[in-house]
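Read the structure below first, then the notes.
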Amino acid sequence: MGGSMERDACDESEFSPRPRATLSIAMDTWNLLQIIDDHCDHPVFVVIPYASHVVQLGIDRNLVPDVASRRVLADDITPVRAWREYFGHTQKVVAERLGISQQSYAQLANSEALRRSSIEKLATALGIAPDQISSLDRFGA
């Protein structure tokens, strides 16, 4: 009756996460997520963009991070640039999301007077609400 008690390596409670990143594109929106597995390749955590988190929790999407608003006020940059840099995107990345060239994006993003339709497209590409760009524009002027 004295059989050996071999333990399966996956039964251990030791946690050693290994991240794997995936990129999925669905319905004209970009969702970058990261799945973190345990030592047995079981998913343990999912890391999602903050904008997706806000939508899932139903948080007021019109909030603007202090860092972004300070950049507009103190550094005299456009709200679109402040948001792009806040998320760590290059002009090329946002331009690709919009389906335009980097040069066209630069002209659009540096415009002082954006049309509402342009604000909506830029907001979608950045994963924010249009009012989050418009509200910064009022303060930065």
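What follows is calculated from the coordinates using simple rules that are stated; it is not laboratory data. Since we're looking at a predicted model, the values are computed, not measured. Because the Cβ atoms are built from the backbone with ideal geometry, glycine has one as well, and the counts that use them run over all protein chains shown.
Order the peptides 36-43, 77-84, 102-109 from the highest to the lowest mean number of other Cβ atoms within 10 Å of their residues.
So the peptides 36-43, 77-84, 102-109, ranked by packing, come out 77-84, 102-109, 36-43.
Taking amide hydrogens as modeled 1.01 Å from N in the peptide plane, which residues meet the under 5 Å criterion relative to ASP37, leaving out close sequence neighbours?
HN-HN under 5 Å from ASP37: ARG18, ARG20, VAL44.
Just rank LYS121, LYS92, fewest to most, by other beta-carbon atoms within 10 angstrom.
Neighbour counts put them in this order, fewest first: LYS92, LYS121.
Write down the radius of gyration of segment 66-140 and its Dmax, each obtained from C-alpha positions, in Å.
Radius of gyration, then largest Cα-Cα span, for segment 66-140: 11.0, 31 Å.
Which whole-Hz ³J(HN,Hα) couplings does segment 87-103 yield from phi under the Karplus relation 6.51 cos²θ - 1.76 cosθ + 1.60, θ = phi - 60°, glycine and proline marked x?
7, x, 8, 8, 4, 4, 4, 5, 4, 4, 5, 7, x, 10, 6, 4, 5
Within 13 Å, Cβ to Cβ, of ALA106, how many net charges do the neighbouring residues add up to if Lys/Arg are +1 and Asp/Glu are -1?
With Lys, Arg at +1 and Asp, Glu at -1, the neighbours total +3.
Among TYR86, TYR50, which comes first, then next, by fewest other beta-carbon atoms within 10 Å?
TYR50, TYR86
What FRET efficiency do you get for VAL44 and ASP76 if R0 is 41 Å and r is their Cβ-Cβ distance, rounded to the nearest 0.05?
0.40
In nm, give the distance between the simple-model label positions of SER52 and ILE35, each being 7 Å from the Cα along the Cα-to-Cβ direction.
Using points 7 Å along Cα→Cβ, the separation is 1.2 nm.
Order by neighbour count: PHE45, PHE87, fewest other Cβ atoms within 10 Å first, most last.
Ranking PHE45, PHE87 by Cβ neighbours within 10 Å, fewest first, gives PHE45, PHE87.
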